[in-house]
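Peer 1: Below you will find the structure I want to go over with you.
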Amino acid sequence: MVYLDYSATTPVLPEVLDSYNKVTEEYFGNPNSLHSMGIKSHELLESANKQVAELLNIKESEFVYTSGATQANNMAIIGASLTYCRYGKRIVISKMEHPSIYGIAKYLEKLGFTIDYVNVTSEGVIDFDDLKKKVTKDTILVSVCAVNSETGARQPLKTVRQVIRKNNENCILHSDMTQAIGKVNININDVDLATMSGHKIYGPKGIGLLYKNRNLVLTPLLFGAEEGDLNPGTPPLPLIVAFSKSLRLALKDLNKKEEVVRKYNETIISHLSEYPKIKINSSKYCIPHILNISLMDIKPETFIHALETDEVYVSSNTACSKGKKSESVMNMYNDSKRAETTIRISLSYMTLPSEISDFLSSFDKHYKELSTLK
Ligand code: PMP
């Protein structure tokens, strides 16, 4: 099997799974219980929280666990919009966001907010002139992902924040960091709100994190025993401990791991350059872990299923918008054919050189077959 869909989800590392199993078996006491079993679980929860805070260089009071990035994005954007709507009802969203952000935007429109979409350049980076125009005195929040899930385009968040602050110093910056964490060095303190997901960093599914700068107040979307608790209920200790471990491992040797991936990316690009019709959509601003191409005259579904006969797994675009055209590629190149025929190859430091050669052989075989059928 050749799995090159790491941006859709990652396998759980064996040592992470071991922690999950151990905590499930040995720490089943509720961390909120007063007896010794509860105290033992509570202590473990506190040490996991401490580790997460240290790894992300934030305070323990500045984050909450969520079920994943989708939930965290909802809590961040809707929560902030409801708190700060008295200062304005405009929200700016980049045209390179994950579908979950657009879903939230549609809901906020129904609540009476105005959403302004900011353009990107043909290299997938925020168009700063457009951003300057769109951030007004009434803009309460801007959402720009750290890395786009379809093309790997990375946004310069520090500059984004400076540009926003010049127009409106109270405007909040939210960044979906799901595709950046564990792949590239990133400073969570460059933004006010950030989100991430365990299953993209070799951790379990069902856990994510919302970072909230200590000065911000989010209106809770869920209610439980404790007032103001953003995600009430019994903490899922096995998931939390497994997440903290996967985060620690994901942030280790980042540069080394990125170099491994960069070599694979370059090998694939140089091989595909033999095919004049294939377009490479990822630009120099894209992280090497995500390589987006357009086949132009073959339907991506047909190609994906053809590769699958050799047990080679890639995506068309983001897993959450399967079957549709790639909005990110459309916004970069304004070319429907290009946006409708995308293939996303997503790589990992765990990928083996032999997997890259097997992928390329399978690619050659099926590409030649399918392009002559036309
Ligand atoms: N944001 C981005 C950028 C993503 O890539 C994904 C996963 N495809 C999500 C959000 C949603 O994450 P989750 O599955 O944890 O809800």
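Peer 1: Quote the relative contact order of the chain in percent (integer), defining contacts as alpha-carbon pairs under 8 Å separated by 6+ residues.
Peer 2: It comes to 23 percent, rounded to a whole number.
Peer 1: Measuring with a 1.4 Å probe in the full set of protein chains, what accessible area per residue, in whole Å², belongs to region 106-220? Before the final figure, lay out the partial values.
Peer 2: Numbers: 4270 Å² over 115 residues.
Heavy-atom SASA per residue in region 106-220 reads 37 Å².
Peer 1: Here's something else I'd like to know. Indicate the gyration tensor shape class of region 323-369 (rounded, prolate or oblate), computed on the Cα atoms with a ≥ b ≥ c the square roots of the eigenvalues: a/c under 1.5 is rounded; otherwise a/b larger than b/c is prolate and the rest oblate.
Peer 2: The shape class here is oblate.
Peer 1: Hey, can you find the accessible area per residue of region 1-44 for me, probe 1.4 Å, expressed in square angstrom?
Peer 2: Dividing the accessible area of region 1-44 by its residue count gives 59 Å².
Peer 1: Moving on to the next point. With both bridge residues required to lie in the chain, what share of the DSSP beta bridges run antiparallel, to the nearest 5%?
Peer 2: 55 percent
Peer 1: In addition: Give me the one-decimal nm value for the distance between modelled label points at residue 280 and residue 102, 7 Å along each residue's Cα-to-Cβ direction.
Peer 2: My value for the distance between the label points is 2.7 nm.
Peer 1: Quantify, in whole percent, the carbon and sulfur part of the accessible surface of region 78-176 (1.4 Å probe; protein heavy atoms only).
Peer 2: Carbon plus sulfur share of accessible area: 49 percent.
Peer 1: Can you give me the % of accessible surface on region 267-374 that is carbon or sulfur? Probe 1.4 Å, all protein chains present, nothing else counted.
Peer 2: Looking at region 267-374 in its full context, I get 53 percent from C and S.
Peer 1: Still on this structure, please answer the following. Let's test the formula: R0 of 45 Å, r as the Cβ-Cβ distance of residue 24 and residue 352. What FRET efficiency results, to the nearest 0.05?
Peer 2: About 0.90, to the nearest 0.05.
Peer 1: How large is the translational diffusion coefficient of region 220-374 in µm² per second when you combine the Kirkwood radius over alpha carbon pairs with Stokes-Einstein at 10 °C and 1.306 mPa s?
Peer 2: Once the numbers are plugged in, D ends up at 88 µm²/s.
Peer 1: Output needed: percent of Cα pairs per 10 Å distance bin for region 131-282, bins running from 0 to the one holding the longest distance.
Peer 2: In whole percents, the pair-distance histogram is 9, 29, 32, 21, 7, 1, 0.
Peer 1: Using only alpha-carbon positions, what ratio does the radius of gyration of the chain give when scaled by 2.2 N^0.38 Å? Can you show the working numbers first?
Peer 2: Numbers: Rg = 21.3 Å, N = 374, 2.2 N^0.38 = 20.9 Å.
With N residues counted in the chain, Rg over 2.2 N^0.38 Å equals 1.02.
Peer 1: Additional query: Cβ under 13 Å from residue 241's Cβ, residue 241 left aside: what net charge do those residues give with Lys, Arg +1 and Asp, Glu -1?
Peer 2: -1
Peer 1: Need one value: the accessible area of residue 296 in square angstrom, 1.4 angstrom probe, rounded to the nearest 10.
Peer 2: Around 30 Å² of this residue is reachable by solvent.
The values are calculated or read from the model by the stated rules, or taken from the named source; none is laboratory data. In this text the structure is predicted, and so the values were computed from the model without any measurement. No Cβ is skipped: glycine too gets one built from the backbone with ideal geometry, and neighbour counts run over all protein chains shown. Only protein heavy atoms, including side chains, enter the accessible area calculation; ligands, DNA and RNA are left aside. Shrake-Rupley method; radii C 1.70, N 1.55, O 1.52, S 1.80 Å.
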